[in-house]
Amino acid sequence: MSIFEVIMLICFGSAWPASIYKSYISRTSRGKSIAFLGIVFIGYVAGIFHKVFFNLDWVVLLYALNGCMILVDMLLYLRNCALDRRFAL
């Protein structure tokens, strides 16, 4: 475990609740990028794999928590795309 890895995960992770809240309240996909969310999600999954196969410690939980928050934001993005299409008609 590296204290710098923990700090990085806490700092990145602190931004996701605000992003989820904005996605939920705004009800639009404008201003969001599913590609960006997907790339960051893949990065967290890679971090989880690294922890599981090479250096398992409790920090894997931070990776998993952040990954879950991104997954929620991605699902909200898809919901908001559907809402955008419905209200565009």
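Throughout, read-outs are computed from the coordinates displayed, never taken from laboratory work. Since the structure is predicted, the reported quantities are computational estimates derived from the model, not experimental observations. Note that each Cβ is placed from the backbone with ideal geometry, even for glycine, and that neighbours are counted across all protein chains shown.
Here are a few things to note about the model shown:
- All alpha carbon pair distances within the chain were sorted into 10 Å bins beginning at 0; the resulting P(r) in whole percents reads 17, 43, 25, 12, 3, 0.
- Phi to ³J(HN,Hα) by Karplus 6.51 cos²θ - 1.76 cosθ + 1.60 over the stretch 73-89, Hz, x for Gly, Pro: 5, 5, 5, 5, 4, 5, 4, 5, 4, 4, 5, 4, 5, 5, 7, 6, 6
- Loop-located trypsin sites (Lys or Arg not before Pro) in the chain, at most 16 other Cβ atoms within 10 Å (DSSP): Arg27, Arg30
- Remark: relative contact order (the chain) = 46 percent; criterion is Cα-Cα distance under 8 angstrom and separation of 6 or more residues.
- Among the chymotrypsin sites (Phe, Trp or Tyr not before Pro) in the stretch 1-84, those located in a DSSP loop and surrounded by at most 13 other Cβ atoms within 10 Å of their own Cβ are Trp58.
- Around Val60: net Lys/Arg minus Asp/Glu count, Cβ-Cβ under 13 Å: -1
- Note on Phe53 and Leu71: the extension gain reaches 4.2 nm, defined as 0.36 nm multiplied by sequence separation minus the Cα-Cα distance.
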